[in-house]
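To keep things clear, I will list the structure first and then write my remarks on it.
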Amino acid sequence: MAQAMSATGATAPRTATAKRPKASSVIMRVLFYALVVIIILYTLIPFYWAVRSSFTPSGDLFRTPVQYLPTNPTLEHYKAVFGTGLFRRALVNSAIVAISVTVLSLIVGAFASYALGRFRFRGRTPVLYLVLSMTMFPQIAVLGSLFQLVNSLRLFNKLPALVLTYMIFTLPFTVWTLTNFFRAMPGELEEAAYVDGATPFQTFYKVLLPLAGPGMVTTGLLAFISAWNEFLFALSFTQTPDKRTVNLAIFYFSGSSGNAFEIPWGQIMAATVIVTVPIVVLVLVFQRRIIAGLTAGAVKG
Amino acid sequence: MSQPIAETQRATATEVSNQRRPGATQRQQQTRLAWLLLLPTLAIVVFVALYPLAQTIYQSFTDARLASGVAPKFIGLQNYSDLVRDLDFRRSILVTLQFTLLTVVFEFLLGLGIALVINSAFKGRGVVRTAMLVPWAIPTVVSAQMWKWMYSDQYGVINDFLGRIGLIDQPIAFIAQPNTSLAAIAAVDIWKTTPFVALLLLAGLQVIPGEVYEAARIDGANAFQQFLRITMPLLRPAILVTLIFRTLDSLRVFDVFYVMFGARQDTQTMAIYNQQNIVSFSDLGYGSAISVAIFLIIGIFVVAYVTFLKVEEA
């Protein structure tokens, strides 16, 4: 990062500095980059603190004055977190739930989006409105009824309960985003496929679906992240520690230290770092896609 | 399954050469296929959202208990008349509204500022944009725990830092003290969500064509005038969408409060109060009435925003 900053010092930002005398333009540039640095620090310092705490021995963690840099880093918290087995279990649970929800939403959602994006038929607009309003649906409003649904299907304290109920927020979002992708495709492709004698179904999975690939990746990522981050349903529809998702595991850490007066902050921070790493990697790899997916809805309204 | 598709294919293929005859049947077949494709999605939406919503409304007029096996009795508006007098619920509405106002205002102002900074071309812009995605992507539960540790009155880095630069003499129990707890929790949400707001507004800024600014500059408009007369009006749709999303999210806030305060009574949000009544007290009838109330409160905000949007457009 230091490299990037020094490299940028050479080129002036394009903010109407052309006519100004040199001294004030330098000041402007310095102020501008000071602002950029403040934004980055504000964004990243809490992460630095979590990482720093996760590598700090318990002895140093609970001592004042606080040390801002870890002097003798340790892996004790990571060993403790992975040692219990429950956290590993929670990671697996979260992965199972988030991946299942994502795959199901993409499959079911792709069919619906194909219809909404490429077909003209009566009832299309009401369905689109239904989907849009569902993306703003407050999940808390159906908590009790979903609890009963989960109970009557005998899914309480089972992972499929989460897969089923998470569809309430992943599916409408998936359909809405994918519909925009399908709609943006040129119509000539389909016509060419039809002329060549392809059925609508063949047109769908041989011509349009491959084109929708980038859209599927974007949408799938966002669905995965929202499922991975969910807390309310996981808290309400599971009971035993072996069914917890990572968020629940991290939440319940507070009470499970044995010593009620000493919260195991080192372990909690190690756990938060472990949970955050896969998400950060996904974000770094797919950042352009994610930004495009996030903002597509906003710009189009 | 294969039969109707084969027919559709023939109809579609012939449409190109023979335009008059197949119009009606082809339209019918397209419609049939479209509904077939929509069926799984609609079934799931009905199953996990619309039917449960109807059930919630119905149960709000009963004394239903969770998993009790006893048949619920119809008790009319009893739950609602209790709800109107329920001071805890009233307090939870107040807490939620305060939180919503704090977070939406600060996230919007900070997010707009950050979006304007990032919108100017500079090297390292990609780095900033990537850094900003990170708080948005991590679970709220995780960010709440991270901040809870930083807020700690004994060993927390925030108290330590404020003490070192001489702003405070005594450590502050940010979360425990009633006069700081709401601001402390809002700060967590603001930290996590401002980047998201900035990205949405940035997308809005980037579709404003540069020529507009060019023309304004030639006409002698200064940067501030350009911001007021060009940026703000053209950014309005993006601003409204962002505000709607953020307001709805804040009104149903659950995770960050639950992790930081547990079910502490003076800081319950509407969603936490509702979850407590349903899951902890198994009071499904009363909880359903709360659900309906929350649904209506959120609905009022949606209608208000949409009306505002329409008025603006007219």
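Please compute the Kirkwood hydrodynamic radius over chain B, one decimal place, Å, based on all pairs of different Cα atoms. Present the calculation step by step, with values, prior to reporting the outcome.
Values: mean 1/r = 0.0413 Å⁻¹.
By the Kirkwood definition, the hydrodynamic radius is 24.2 Å.
Can you name the helices of chain B, as whole DSSP H runs, whose Cα span along the helix axis is 30 Å or more and whose Kyte-Doolittle mean is not below 0.0? All intermediate terms of the calculation are to be shown ahead of the outcome.
Values: long enough: B:23-45 (32 Å, 0.39); B:87-119 (47 Å, 1.54); B:178-206 (42 Å, 1.10); B:284-313 (43 Å, 1.72).
Both cut-offs are met by B:23-45, B:87-119, B:178-206, B:284-313.
Identify which of A:Ala34, A:Ala141, A:Ala95 has the largest mean-square fluctuation in a Gaussian network model of chain A, with springs joining Cα atoms closer than 10 Å.
In the Gaussian network model the winner is A:Ala34.
Give the shape of the stretch A:30-158 as rounded, prolate or oblate, defined through the alpha-carbon gyration tensor: a ≥ b ≥ c are the square roots of its eigenvalues, a/c under 1.5 means rounded, and otherwise the shape is prolate if a/b is larger than b/c and oblate if not. Each step should come with its number before you reach the end.
Working: a/c = 3.04, a/b = 1.66, b/c = 1.83.
It is oblate, given that a/c is not under 1.5 and a/b is not larger than b/c.
Which parts of the stretch B:95-115 would a label at B:Ile297 reach, counting a residue when its backbone N lies under 16 Å from a point 7 Å out along Cα-to-Cβ?
Hits in the stretch B:95-115 for B:Ile297 at 16 Å: B:95-104.
Residue by residue through B:148-155, how many Cβ atoms from other chains fall within 10 Å of the Cβ on average?
Numbers: counts 4, 11, 5, 0, 4, 0, 4, 9.
What the average comes to for B:148-155 is 5.
Can you give the charge dipole size of the stretch B:88-313 about its Cα centre, rounded to the nearest 20 debye, using +1 on the beta carbon of Lys and Arg and -1 on the beta carbon of Asp and Glu?
Values: 15 positive and 15 negative charges, 56 e Å.
The calculation lands at about 280 debye.
Label point 7 Å out from B:Phe281 along Cα-to-Cβ: which residues of the stretch A:127-159 have amide N under 16 Å?
Inside the label zone: A:144.
FRET efficiency for A:Arg63 and B:Lys123, Cβ-Cβ distance as r, R0 = 56 Å, nearest 0.05?
0.85
Based on Cβ point charges of +1 for Lys and Arg and -1 for Asp and Glu, what charge dipole magnitude is obtained for chain A about its Cα centre, in debye rounded to the nearest 20?
660
Provide the packing ranking of B:282-290, B:254-262, i.e. peptides ordered by the mean count of other C-beta atoms within 10 Å per residue, highest first.
B:282-290, B:254-262
Return the distance in nm (one decimal) between the two label points of a simple spin-label model at B:Phe47 and B:Gln226, each offset 7 Å from Cα along Cα→Cβ.
Output for this residue pair reads 5.5 nm.
Would you grab the residues whose amide H sits under 5 Å from the one on B:Thr62? Only those 5+ places off in sequence or on another chain, please, with H modelled 1.01 Å from N.
B:Ile75
Quickly estimate the mean residue ellipticity at 222 nm for the protein assembly as shown, helices only: each DSSP H run with n ≥ 4 gives -39500 (n - 2.57), and the total goes over all residues, rounded to 500.
Per the formula, -23000 deg cm²/dmol.
Using the Cα gyration tensor of the stretch B:199-314, with a ≥ b ≥ c the square roots of its eigenvalues, what is the shape: rounded (a/c below 1.5), prolate (a/b larger than b/c) or oblate (neither)?
Prolate, since a/c reaches 1.5 and a/b exceeds b/c.
Quick check: residue separation of B:Ala54 and B:Ile165 times 0.36 nm, minus the Cα distance between them. What number comes out in nm?
Stretched fully, the B:Ala54-B:Ile165 segment lengthens by 34.3 nm.
Residue by residue through B:229-239, how many Cβ atoms from other chains fall within 10 Å of the Cβ on average?
For this peptide, the per-residue mean of nearby foreign Cβ atoms is 1.
Is the shape of the protein assembly as shown best called rounded, prolate or oblate, per the rule: a/c under 1.5 gives rounded, else a/b larger than b/c gives prolate, else oblate, with a ≥ b ≥ c the square roots of the Cα gyration tensor eigenvalues?
Because a/c hits 1.5 or more and a/b fails to exceed b/c, the protein assembly as shown counts as oblate.
How many percent of Cα pairs in the stretch A:80-300 exceed 31 Å? Walk me through the numbers before you get to the answer.
Details: 7895 of 24310 pairs.
For the stretch A:80-300, the share of Cα pairs beyond 31 Å comes to 32 percent.
Taking the Cα centre of the protein assembly as shown as the origin and placing charges on Cβ (Lys, Arg +1; Asp, Glu -1), which of A:Val66, A:Ile274, B:Thr231 is farthest toward the positive end of the dipole?
B:Thr231
For the stretch B:249-314 and the stretch A:27-86, what is the separation of their C-alpha centers, rounded to whole Å?
Cα centroid to Cα centroid, the span is 34 Å.
Identify the chymotrypsin sites (Phe, Trp or Tyr not before Pro) of the stretch B:130-176 meeting these criteria: DSSP loop state and at most 14 other C-beta atoms within 10 Å of the C-beta.
Here no loop site has a sparse enough neighbourhood.
Would you be so kind as to identify all helices of chain A, as entire DSSP H runs, whose Cα atoms reach 18 Å or more along the helix's own axis and whose mean Kyte-Doolittle hydropathy is at least 0.0?
Membrane-span-like by this criterion, though nothing is claimed about a membrane: A:22-54, A:86-118, A:159-183, A:213-229, A:265-285, A:287-300.
Using a 7 Å offset from the Cα along the Cα-to-Cβ direction at both A:Met136 and A:Arg120, what is the distance between the two label points in nm, to one decimal?
2.9
FYI, it's all coordinate maths here, none of it is from the lab. Just so we're clear, the structure is a prediction, and the values are computed from it rather than from any experiment. Virtual Cβ from ideal backbone geometry, glycine too; neighbours counted across all protein chains shown.
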